[in-house]
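Asks: Quick one: the structure is below, and I'll ask about it shortly.
Rule-based calculations on the coordinates, nothing more; no lab input. Computed from a predicted structure; not experimentally measured. Cβ: placed from backbone, ideal geometry, glycine included. Neighbour counts: every protein chain shown.
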Amino acid sequence: MKANNQHYNISKDYSRKRMHQSNTNEIRAKQSNADNIAVTTENLQEQRKNLPIYYGRKELIKAVMHNDTVILMSETGSGKTTQLPQYLLESQMARFGMIVCTQPRRVAAITVADRVAKEKNTLLGDLVGYTVRFEDVTSPKTLLKYVTDGMLLRESLLDSLLTKYSIIILDEAHERSIHTDVLFGIVKHAQLKRKEKNMNKLKIVIMSATLQADNFVKYFTGAHVCYVEGRRHPIKIFYTEEIQKDYLHASLVSAIQIHKENPLGEDILVFLTGQEEIEMLTNLIKEIGMFLPESFGKILVCPLFASLPNNEQIKAFTNPPLGYRKIIISTNIAETSVTIPGIKHVVDCGMVKAKTHNPTTGLEVLKVQPISKAQARQRSGRAGRECAGICYRLYPEKTFEALDDYTVPEIKRCNLRGVLLQLLALGLKDVLKFDFMDSPPQCAIEYALNQLVMLGAVESINAQKITEKGKTMCAFPLDPPLAACILSAHEYGCTEELITIVALMTVESIFYIPPNQRERSKKVLAKFTSTEGDHISMLLFFRAYKQAKGNIQWCVEHFVNIKAIKNVLQIRHQLRDLSLRLNLSIKSCGADYNSVRKALSSGLFMNSAERQIDGTYLTLLQKQTVSIHPSSVLFNSKPALVIFSEVVHTSKRYMRGLSIVDPSWLIKTGLFDANKLIPNAIQTFF
Ligand code: CDP
Ligand code: MG
């Protein structure tokens, strides 16, 4: 990121003047629309009536009344998520059970529930509520509940027929998130079983923002398909002439330039890939904003990403104060799952951060990669919601042409161990026979089963029987290896430490380090560095934070991202409650960090790597070359044998979150047959 000298001197390379407009006017106007109206209780009802879906409401209610399964297609912003559940609620269809609407993302579930509660003029958690991982805002009065798809899948573990629901709405189906894909099978099965058993009827609604129904129609045979025409305004698409080496810099330049050249009232939405980038750009824009002449108006920057606390996220959805322009910097959550009013300019970096699991290499890699054409269209579509808009694609047109048409469903590219364990906990006899809309590759299923066997969660690949340990692991809303770490921490007497480490692992970073403070931060944070690795270092830092009682001054001095650490505290609290409920007493091992690393290695042993002569590492399981991430405290010491939390791919494959482990611990986990496969590192130890 070349951030030093651009406050006034914005490089012309990336300027809009060097972008050219696409010849294809991708999106045509269909209908005009009123201006952006402020959200107040008085005009909410008016706004509801203005949404495209409003005109089809009677048809939609009838469709759900007369069909077991309805597929509703309509583009983002039409009113699917906020309105359809309300129509069904208002038409008394929740008489025999609640209405639940799933979202692949927690932000969407929370913001939409909040919006709908306002539209219904009730407190959030009364008639309308939400449940997401580690947070439940519902009450016995709740009749309409927004949940993450992962939460509904969890609920199905306790009640596979999902009997408390009369209508299940699977929203954002086009995203094909792994949990939604599994839910397709679960709800289809529940609907059939409830019919066979003469129980209360289950209605299923599938909602999608793309107009491709084929998959869904084929899978939900006999489903009734409804289309609601959205409201689109013309969107000009600009491409850059050249490929941008640094899209963060390009985004910064574009956002500032748009701000300088356009009247207030035209807000900007910038798509980036993750928390770190978003926070960096947020701060850069804030800094630059302070130096810009008042005549351009002030800038209100709103970051938006999944792990951002709720009250911060809400800011992106409210109108800016008078005299301000809102610049929202978001991950792909703003693509379809949330609609932000007032956006006229979209800046699209063309990239997305996604996890890809390759069963051949055994690595699940978090990588910034190009989006699909469908995603690029969704992103540009965010500009034309209320009036004609402009989208600046920070890549050349020929790059766009070369993108994949659609994003590959997550189930085909993710590690399946979490969902397979849940399916087995549901009582499925053979996961290979599960009714998947798109089956994952068989080798990926076998790979995941093998991992579950190694974790002691499943008896054997052939028997596919979940063990008692597997059932307990399932109770944690965590990836099975992390749940295994907590269970094993109980044996080693360090649950206190492990729940802290696992909670810390759920956020991208608890630090915010401005680019010009990198060196200083290293010095400040050095005192928490443990030679045993990153996990213990994080633990030491957390303990220091607790000792400082979260003092603001201390946090500022230590580069703490207060929002992120509050999130960690909340998750930690939940994990603690859950452990106690499962009779896992909370014990601390004090300074016996060996126990902590032992517990970590009994869950993460599949992520282990051994140093090679050339200083790189080879993973023990699938023999893949990886390196230590420069941010790791072990970067210079290069120990012989390590476990790691994750692999990120930038210029090469880096292990992130490392701990040194003793080879004897890995033999105990059953990964090695000590006689047959003794890695070099172990030989040198013995
Ligand atoms: O689901 P779909 O994309 O079809 O639309 P929606 O999420 O129901 O949103 C319909 C409209 O409600 C949006 O265009 C916004 O104007 C408004 N809305 C809002 O202002 N705040 C929210 N948190 C959600 C929706
Ligand atoms: Mg929606």
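Asks: Among all cysteines in the chain, which have no other cysteine Cβ under 4.7 Å from their own Cβ?
Replies: Flagged as lacking a Cys partner: Cys101, Cys226, Cys302, Cys349, Cys387, Cys391, Cys414, Cys443, Cys474, Cys485, Cys555.
Asks: Oh, and also: For segment 448-600, what is the charge dipole size about the Cα centre, in debye to the nearest 20, if Lys and Arg each add +1 at the Cβ and Asp and Glu each add -1 at the Cβ? Kindly include the intermediate steps, with their values, before the conclusion.
Replies: Details: 19 positive and 13 negative charges, 92 e Å.
The dipole magnitude comes to about 440 debye.
Asks: Under the rule of -39500 (n - 2.57) per DSSP H run of 4 or more residues, summed and divided by the residues of the chain, what mean residue ellipticity at 222 nm is obtained, to the nearest 500 deg cm²/dmol?
Replies: So the helix-based figure for the chain works out to -11500 deg cm²/dmol.
Asks: Sticking with this structure for a sec: Step through the residues of segment 403-411 one at a time and calculate ³J(HN,Hα) from phi using the Karplus curve (6.51 cos²θ - 1.76 cosθ + 1.60, θ = phi - 60°), rounding each to whole Hz and writing x for Gly and Pro.
Replies: Per residue, the Karplus-derived 3J(HN,Hα) values read 5, 4, 5, 10, 6, 5, x, 4, 4 Hz.
Asks: Once amide H atoms are placed 1.01 Å from N in the peptide plane, what residues at a sequence separation of 5 or more from Val352, or on another chain, have their amide H within under 5 Å of its amide H?
Replies: Gln369, Ile371
Asks: Further question: Under 1.5 on a/c is rounded, so check that first for the chain, then, if it is not, pick prolate when a/b is larger than b/c and oblate when it is not; a ≥ b ≥ c are the square roots of the alpha carbon gyration tensor eigenvalues.
Replies: Oblate.
Asks: Let me ask you something else. Can you tell me which lysines have their Cα less than 24 Å from the Cα of Lys638? Leave out same-chain residues fewer than eight positions away.
Replies: Lys367, Lys522, Lys523, Lys527, Lys598, Lys623, Lys652, Lys668
Asks: Further, regarding this structure: For segment 63-133, what class follows from the C-alpha gyration tensor (a ≥ b ≥ c being the square roots of its eigenvalues): rounded when a/c is under 1.5, otherwise prolate if a/b is larger than b/c, else oblate?
Replies: Here segment 63-133 falls in the oblate category.
Asks: Another question, then. Using θ = phi - 60° and the Karplus relation 6.51 cos²θ - 1.76 cosθ + 1.60, list the HN-Hα couplings for segment 627-642 in order, rounded to whole Hz, with x at every Gly or Pro.
Replies: My calculation for segment 627-642 gives 10, 7, 5, x, 6, 6, 6, 9, 4, 8, 7, 6, x, 5, 9, 9 Hz in order.
Asks: Using modelled backbone amide H atoms (1.01 Å from N, in-plane), which distant-in-sequence or interchain residues come within less than 5 Å of Phe511's amide H?
Replies: Residues meeting the criterion, in which the H sits 1.01 Å from N, are Asn561.
Asks: May I ask you to compute the full-extension gain from Glu446 to Gln212, defined as 0.36 nm times their residue separation minus their alpha-carbon distance, rounded to one decimal in nm? Spell out each step's value before the answer.
Replies: Numbers: separation 234, 0.36 × 234 = 84.24 nm, distance 3.09 nm.
Additional length available on full extension: 81.2 nm.
Asks: Roughly how far apart, in whole Å, are the Cα centres of segment 342-380 and segment 63-109?
Replies: 27 Å
Asks: Next question, about the same structure. Using the number of other C-beta atoms within 10 angstrom as an exposure proxy, rank His558, His573 with the fewest first.
Replies: Details: His558 19, His573 13.
Fewest to most other Cβ atoms nearby, the residues stand as His573, His558.
Asks: Give the cross-link partners of Lys141 among the lysines, using a straight C-alpha distance below 20 Å as the criterion and excluding same-chain residues fewer than 8 apart.
Replies: Lys118, Lys120, Lys164
Asks: Can you compute 3J(HN,Hα) from phi for each residue in segment 100-106, using the Karplus curve 6.51 cos²θ - 1.76 cosθ + 1.60 with θ = phi - 60°, rounded to whole Hz and x for Gly and Pro?
Replies: Working through the residues one at a time gives 10, 10, 8, 9, x, 10, 5 Hz.
Asks: Shifting gears a bit: Tell me, how many Å apart are the Cα centres for segment 241-272 and for segment 504-555?
Replies: Taking the Cα centre of each part, segment 241-272 and segment 504-555 sit 32 Å apart.
Asks: I would also like to ask the following. Using modelled backbone amide H atoms (1.01 Å from N, in-plane), which distant-in-sequence or interchain residues come within less than 5 Å of Ile628's amide H?
Replies: Met655
Asks: Note down the nm distance, to one decimal, between modelled labels 7 Å out along Cα→Cβ at Lys398 and at Asp246.
Replies: For the pair Lys398/Asp246, the computed spacing is 2.5 nm.
Asks: Would you list which lysines come within 19 Å of Lys326, measuring only between C-alpha atoms, while excluding same-chain residues fewer than 8 positions from it?
Replies: Straight-distance partners of Lys326: Lys260, Lys286, Lys298, Lys315, Lys344.
Asks: Residue separation times 0.36 nm, minus the C-alpha to C-alpha distance between Asn319 and Glu491: what's the value?
Replies: That works out to 56.7 nm of additional length.
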